[in-house]
1. Could you run through the stretch B:437-479 and say how many residues are in a helix (DSSP H, G or I) and hydroxyl-bearing (S, T, Y)?
2. Has the stretch B:183-194 got at least one residue that is without any contact (Cβ under 8 Å) to a residue 12 or more places away in the chain, surrounded by 22 or more Cβ atoms within 10 Å (Cβ to Cβ) and closer than 30 Å to A:A407 by Cβ?
3. Inside the stretch B:146-166, can you point out the residues that are without any contact (Cβ under 8 Å) to a residue 60 or more places away in the chain, more than 7 Å from chain A (Cβ to nearest Cβ) and surrounded by fewer than 22 Cβ atoms within 10 Å (Cβ to Cβ)?
4. Looking at the stretch A:387-405, which of its residues are touching a residue at least 24 places away in the same chain (Cβ under 8 Å), part of a helix (DSSP H, G or I) and not polar (S, T, N, Q)?
5. Return yes or no: is B:L32 over 20 Å from B:P463 (Cα atoms) and within 14 Å of chain A (Cβ to nearest Cβ)?
6. Which residues, taken from the stretch A:307-336, are small (G, A, S) and closer than 20 Å to A:L468 by Cα?
7. Tally up the residues in the stretch A:193-230 that are farther than 17 Å from A:E142 by Cα and either out of contact with any Pro (no Cβ under 8 Å at 6 or more places or on another chain) or in a loop (DSSP other than H, G, I, E, B) (or both), please.
8. In the stretch B:118-134, what residues are closer than 23 Å to B:V45 by Cβ and either within 11 Å of another protein chain (Cβ to nearest Cβ) or part of a strand (DSSP E or B) (or both)?
Amino acid sequence: VSADATMALLVMLPLVAAIGAFVWPRWARPVGMAATLALLFLGAWLVVLVSRSGHLSQAIGGWAAPLGIRLHADGLSAMLVGAVAAIGVLISIHAHGEFDGSGGKESARRARYFWPLWLFLLAALNALFLSGDLFNLYVTLELLGLAAVALVALSGGRAALAAAERYLYVSLVGSLLYLMGVALLYGGHGTVDLALLAERVEPTTHARVALVLMTGGLMMKAALFPAHFWLPPAHSSAPAPVSAALSALVVKGGFYVLLRLWFEVFDGAAVPDAAQVVGALGAAAVLWGSVQAMIQERLKLLVAYSTVAQIGYLFLVFPLASNATDRGVLWTGALVFLLAHAAAKSGMFLAAGNIKRAAGHDRIRDLDGITHTRPLSAFTIGLAGVSLIGLPPTAGFVGKWLLLGAALEQGQWWWVGVILVGSLLAAAYMIRVLTHAFMLAPEETPSRPIPRRMEWSAFALAVLALLLGFFAAAPAALLADVLPGGGGP
Amino acid sequence: VTLPQVVLLGILLSSFVTGCVIFLLKEESHRLRTSLNLAGAALKVALVCVLLWLVLGDESPHLSMTVAPGIVLALGADANSVFFVILSSVLWFWTTLYAVGYLEDSPHRSRFFGFFSLCVTATVGIALAANLITFLLFYELLTISTFPLVVHRGTAKAMSAGKVYLAYTLGGGAVLLLAVAWLQSIAGPVAFTERGALAAVVESHPAELRVLFFLFVLGLGVKLALVPLHGWLPRAMVAPAPVSSLLHAVAVVKAGAFGVVRLVYDVYGIETARDLGVLGPLAWLAALTIVYGSVRALFQDELKKRLAFSTVSQVSYITLGTAIFGPLATIGGVVHLVHQGIMKITLFFAAGNYAETLGIHRVSEMNGVGRRMPWTTVAFTVGALGMIGIPPLAGYVTKFYLKKGAVTAGEDWVTVVLVVSSLLNAAYFLPILHRAWLLPPADRWPAERKFGRLETHWMLLLPPLFTAALVVLAGLLADAPFSPLAWARLISGREYGP
């Protein structure tokens, strides 16, 4: 498959499949599985193509920028598209068991709408990572948000609907702020193309206001503290595969766009002090999210608050990269951390969903003995937890280590403290779960059977987080010549 | 890939793969699990023998892999590694045998032996780590893999002990992580090097290196049970006996001790450490721990708790020997890595036998136990006398070298500490021996089980007898080639200049 076709297919294939799954609900499951499998091959192929020839770029329909739509792939895009594909397949396998439609009308309704929405979400994610201009990014962010909100509403309970509604408003406000920024930039520079803007942008008040607006909007989408409030209810009330996809993939979309904006478009024009502010919000997220996770009564809420905390770590890269001489290490650190969280958190959410399904509830203090009743899911939570805490040899450790090393080298001690304290807090909330898991159950607790693939797919994701810890050099190589200061040509 | 590299990896994988397979086994497949366990353990011992042979043949096996920028995982085998890896693999074999006997018919055995295998993987990883970050990796893996063992019984008491254990060890791990990352930001990646790896930066960063030394000690001190970081150890006694043996003699506490040995000799270098003035405070801390642990042991009626405080005390002999400058003290400290291991594991095996066979958990219940279980009690006696330092047992050799080393170094106060400690050791061990051998037994034991002709299950009896024999041999044949002492001399010779 040619490079152009690969990029186009990555967006079009899930879109077409989504329509197909919607029109022929009987075939939704096989269509969904086949499409995600195809995406896996396409994603892997994109990684190969990009690592062979660097940047890829394609004008859809032959219309060049600034008029037409351009798809664009560099190492960063390829890595994220690959991650979406790999994690997407495993989530799909889990969903294949979760949404089998056997269990009455309600369950059939969920199965009916899950697959189209999920495929739509994948298309939006791929389009987001392959977009080369600000306006396309806006469109994809909007699509991504809508698909995500609809998926949250899927479980249909009152709590889920309220959470979805709140998510919808936050997402819309975020998009609006972002769009205002885009309009300002377009007015000032006459283009929305990332590469062209990077050449033209000057550190004027105009540009700075635009950056602040866009950053604010994207922070809401990425659920950065204090705009995280919508995330825990939304992520915890959704069905397990949806929670996994939202926490692992969707919130990363906002972070990705911020990374491009700050370091590709506005590099140098952004003020280091502003980067410190973003970092401080990240630090607050780490501490606040972890403390909240520690006091949650329900497993899925705990996992959701842990996402708030882990997102915070990603934003520590802003102040660190603003002062760094060698940024390559930082990009690797941040992106390995992102991938580690994506794999570990989706695994953990799926496993938490399994446990909830088996036990009929997810109250942490009543989960005694789950290592006995659901050993594999309990083990998955433990293994994923090890990566979230950031213990070696997982990928979570590698990411944390690289950020820690950069903070030490630059003498930015305050971030060192945040990273270490955050790890200990993460350990504390994981210990709470694990001590109950290993506890002997008071009597033989009833446990409903679960299809095997649902447990193995979760486990595979946790193992992915572990394996990535040994092969983090591969993403480092992919990132070598993207984002300025990466040590490339 | 060369033969030495295969051997290095094989030593790790022989227990890692075993562990992974065991996790997947059904609870009922008792024989398959036992055979796998013992085969893995035996294979590891065999591979370690090959490694020894290679190292003696002047090979220096090395294997490394770049994980990410600035993170290189490296395995290697120097004299220190070989010493520790022999200890852990041999004792692991016997502990496995013991654990199989001990846990017969108890629930969750697949989970137990899976983590058991991961635990020893981490331990040999610590032994074979060739740089700081690899050491850190296995050090944390050890924390994670021992937690399920500590809480294995699943009772509320076990859980609270497990929480305390994790709080201490993960806290220590975080400090260690900080220390390693900070040192790397000063000196670049640090590989373990005989006589120290920091020569290039000592001149420019003396103050930071001093602070770092104590950060390292703080991080390692938790596993080492250095006072006041020892709180987790007595609590962790709720774990099953084979786990206690493993924690005290082979894995956790030993990992901390080995870490200090690495820190002083192969990261800082003993001469650099002396010049920085960091050895003195470390020696004082060790001395304090030695006396404190012994005093606390005096007042414990629970046998395993008494042994636990005794461990707190005994392990710090290693630290003490390491913290005194001079080849003789080094020999005393390093050789105690092995001596403490074989003595303490004997004591724990015996304590486990009393508990499993007769239901005895307290010292006050031990009257006349020597008549009911003579062989176990002989092993216990050998271990206890060794701890006190009666010649010609292993503990005597340690104390002899420590004393000579301290006097040579002009640190005469250490001899006082050693004498006091030996007296205290006698004060908490001799009453036990007196009860066991000389007092008449009670009418009936708390919970007796019969095992046919033998005094207990053969799998429980054989390991303590074997390790007790080692205690005798390590002392009697101390001057023979291949004794622990001979190897410690070799290490000491390499760590000091010609």
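1. Qualifying residue count, the stretch B:437-479: 1.
2. Among the residues of the stretch B:183-194, not one is without any contact (Cβ under 8 Å) to a residue 12 or more places away in the chain, surrounded by 22 or more Cβ atoms within 10 Å (Cβ to Cβ) and closer than 30 Å to A:A407 by Cβ, which makes the answer no.
3. Once the filter is applied, which keeps residues that are without any contact (Cβ under 8 Å) to a residue 60 or more places away in the chain, more than 7 Å from chain A (Cβ to nearest Cβ) and surrounded by fewer than 22 Cβ atoms within 10 Å (Cβ to Cβ), the stretch B:146-166 yields only B:A156.
4. A:L388, A:I389, A:A395, A:G396, A:F397, A:V398, A:G399, A:K400, A:W401, A:L402, A:L403, A:G405
5. Taking the combined requirement at face value, the residue does not satisfy it.
6. Residues satisfying the conditions are A:G328, A:G333, A:A334.
7. 24
8. Answer for the stretch B:118-134, where residues must be closer than 23 Å to B:V45 by Cβ and either within 11 Å of another protein chain (Cβ to nearest Cβ) or part of a strand (DSSP E or B) (or both): B:A122, B:G125, B:A129, B:T134.
The values are calculated or read from the model by the stated rules, or taken from the named source; none is laboratory data. None of the values given here were measured: they were computed from a predicted structure. Note that each Cβ is placed from the backbone with ideal geometry, even for glycine, and that neighbours are counted across all protein chains shown.
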